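Worksheet for the structure shown next.
The values are calculated or read from the model by the stated rules, or taken from the named source; none is laboratory data. Here the structure is a predicted model, which is why all the values come from computation and not from measurement. Methodologically, a virtual Cβ is constructed for each residue, glycine included, from the backbone with ideal geometry; neighbour enumeration extends over all protein chains shown.
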């Protein structure tokens, strides 16, 4: 081996060792970075209210009998209300789509069970406003007959866009918050790159254990759903499943199900409201979602464990979101547990099967005691976002005492997880100062209730914030509406001004043309233009003179007077006949019409007399041969009409047949002449002949029919 070759081999070995060393350093840096990232962070504020979760975790997830009527709201999600696809009386099958999404931010709705559509009308729904919403009421038949589903054995055989379409068509929406459509959340717009997928298993609200029990009993389905979400998001760098440390059984079940995957189960201390999306992101990644921003803006997508399981069921089995796990808890109930209940089940039906004591129950709360709201109508149904029904006694959840004056203690600011100034927001909300509310980031408030929980004056701060948000949204909607109206008005104004300018330009062009013509007449009377204009003016003047002469002709005046008299006499006769046949309620009106017609008849007779005076012997002498011939033709026509009037129906029909035969013969002659002369209108002549022949055949059949009757 030469020295050059030995030197080259040594250089290669050095480079290989250097590359291996760099790879080790990079791997160790990534490991330290990952360990640092998996170490839970903290968020500002927060409280530690009594958890009260043991009451509903004593038995597995159960079920209740199917309700007779299922009330399915068309709006169970953020965005636009779905559009119904069924009609009253239609039979629907379980899982059948009964309402279509209206736009991008919307979700379809499916039948939770088989049955008949009994109504499509506004019904009570679980909402803080208490206002009714459009719902489809299904009378169940108890057979639970499914519609045809489209399962998928291996989701990796499909493209992510196809999986998103399945999720969208199955009506999957967020089941842990406001119900944002999942397909929209998994398809971030604007080209944002997602490097972290977070699965929210926190469930920090007191009393609620739906997600806890779901992770204990359905962990394998949740992990399978996480795999689908990661595939749709193009395998993000990190997949983190966050769980509070007060759920040891759920943590163990999820860790067992996640073995062999790259998913990390991150356990962190219990603190309310760590289940908030922005707070959980800060705990797990240390990142903060910007003001008025979304998690996708910082490369993160966050989904609830219930939503994740629903995605798995939709892809694997083709099942739409028609049921959910709900916590039913409270000391006013004989039985406290979690149940998987069909969406649309009335709340009173659930309370009935859990032994609600009407004398003990204080109220029915949708959600937990911190962020929940009270409903007054128990016929309201369970929807996609109903995670808990809390039925407490007065002792368990006593009413808040009357609010007192703010003492400016600052406790609300200390516990606010969004680092807001609740006290200032409270003052501005009371003063209806919308500009200040927005300047102090009112819409960053997640309405967690921490400020109200610690307030020594028991001021319902969250209620003020909710009302202020609603007022601002209404004002913005009105402003947007007025802006659109102003834009339409300004556009119309510009359009009218443009049209007026065009008209003015045309008038100016005509005026200039007239000025030019007048100038040409003045400059050259013998010019061709002037002669043509004079000739045209003479023709118009002659036509006007002829029209005036015809109008002043005594014979024309007499003919018009005779026609007017005949028309007036005919109208008087018709009204007299109607008046004789009319009932009492119409006689007064017909009498008034008859009176007016008689006045017009009298006026027509006067005009006829005046016309007859103008047409004397001299006028008859002035008649031309053409006029006398026309008059004789008119007399002959009158005589023929009188003769036809005196004929019997059979004679009239025979006369019509004879006339039609003569017209057919003439039409045949014209057609032959047209064919011999090569007339281009031969088709028109043929059509006219066919029409006459058809009329003749009809009259002949009518004559035969009359003969058979006789």
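Please find, within region 577-586, the residue that is modelled with the lowest pLDDT out of those that are part of a helix (DSSP H, G or I) and surrounded by 14 or more Cβ atoms within 10 Å (Cβ to Cβ). My answer is 579.
Please work out if residue 165 is in the same structural domain as residue 321 (by TED's automatic domain parsing), at pLDDT 90 or above and not in a loop (DSSP other than H, G, I, E, B). Answer is yes for this residue.
Taking each residue of region 355-375 that is free of Cβ contacts under 8 Å to residues at least 60 places away in the same chain and looking for partners that are assigned to a strand (DSSP E or B) and surrounded by fewer than 20 Cβ atoms within 10 Å (Cβ to Cβ) with beta-carbon atoms closer than 8 Å, six or more apart or interchain, yields 360/393; 361/393; 362/393; 363/374; 364/374; 365/373; 365/374.
Taking region 133-158 as the search range and keeping residues that are assigned to a strand (DSSP E or B) and touching a residue at least 60 places away in the same chain (Cβ under 8 Å), which one is surrounded by the fewest Cβ atoms within 10 Å (Cβ to Cβ)?
Filtering region 133-158 for residues assigned to a strand (DSSP E or B) gives 133-140, 146.
Now drop any that are not touching a residue at least 60 places away in the same chain (Cβ under 8 Å), which leaves 133-140.
Working: 133: 18, 134: 17, 135: 26, 136: 27, 137: 19, 138: 29, 139: 13, 140: 20.
It comes out as 139.
Pick from 265, 283, 251: which is in contact with a helix residue (DSSP H, G or I) (Cβ under 6 Å, 6 or more places away or on another chain) and farther than 21 Å from residue 453 by Cα?
Numbers: 283 fails: in contact with a helix residue (DSSP H, G or I) (Cβ under 6 Å, 6 or more places away or on another chain); 251 fails: in contact with a helix residue (DSSP H, G or I) (Cβ under 6 Å, 6 or more places away or on another chain).
That would be 265, the only listed residue that is in contact with a helix residue (DSSP H, G or I) (Cβ under 6 Å, 6 or more places away or on another chain) and farther than 21 Å from residue 453 by Cα.
When region 65-82 is filtered for residues that are touching a residue at least 60 places away in the same chain (Cβ under 8 Å) and surrounded by fewer than 17 Cβ atoms within 10 Å (Cβ to Cβ), the ones remaining, listed by number, are 65, 68. Within region 429-451, the only residue that satisfies the criterion of being in a helix (DSSP H, G or I), free of Cβ contacts under 8 Å to residues at least 24 places away in the same chain and in contact with a helix residue (DSSP H, G or I) (Cβ under 8 Å, 6 or more places away or on another chain) is 436. Quick check on region 610-626. Is at least one of its residues modelled with pLDDT of 80 or more and assigned to a helix (DSSP H, G or I)? Yes, there is a match, as at least one residue in region 610-626 is modelled with pLDDT of 80 or more and assigned to a helix (DSSP H, G or I).
Here 135, 147 are screened, and the one residue that is over 24 Å from the mean Cα position of the chain (by Cα) and over 23 Å from residue 305 (Cβ atoms) is 147. Taking the listed residues 344, 286, 260, 299, the one that is surrounded by 24 or more Cβ atoms within 10 Å (Cβ to Cβ) and on the phi > 0 side of the Ramachandran plot is 344, with no other qualifying.
Return the residues of region 114-125 that are part of a strand (DSSP E or B), in contact (Cβ under 8 Å) with a residue 40 or more places away in the chain and either buried (at least 19 other Cβ atoms within 10 Å of the Cβ) or touching a helix residue (DSSP H, G or I) at 6+ places or on another chain (Cβ under 9 Å) (or both); say none if nothing qualifies. Steps first, answer last, please.
Let us first name the residues in region 114-125 that are part of a strand (DSSP E or B), namely 115-123.
With in contact (Cβ under 8 Å) with a residue 40 or more places away in the chain added as a condition, the list becomes 115, 118, 123.
Within region 114-125, 115, 123 meet the criteria.
Only one of 111, 99, 210 is under 30 Å from residue 293 (Cβ atoms) and either buried (at least 23 other Cβ atoms within 10 Å of the Cβ) or within 27 Å of the chain's Cα centre (by Cα) (or both); which? When all the criteria are applied, what remains is 210.
Sort through 418, 332 and tell me the only one that's touching a residue at least 12 places away in the same chain (Cβ under 8 Å) and buried (at least 22 other Cβ atoms within 10 Å of the Cβ).
Values: 418 fails: buried (at least 22 other Cβ atoms within 10 Å of the Cβ).
Only one candidate qualifies: 332.
Each residue in region 40-54 was checked for being more than 23 Å from residue 207 (Cα to Cα) and in contact with a strand residue (DSSP E or B) (Cβ under 7 Å, 6 or more places away or on another chain), and 1 of them qualify. When region 376-415 is filtered for residues that are touching a residue at least 60 places away in the same chain (Cβ under 8 Å) and over 21 Å from residue 354 (Cα atoms), the ones remaining, listed by number, are 400, 414, 415.
So which residues in region 364-403 are over 25 Å from residue 456 (Cα atoms) and in a loop (DSSP other than H, G, I, E, B)? Across region 364-403, the qualifying residues are 376, 377, 378, 379, 380, 382, 383, 384, 385, 386, 387, 391.
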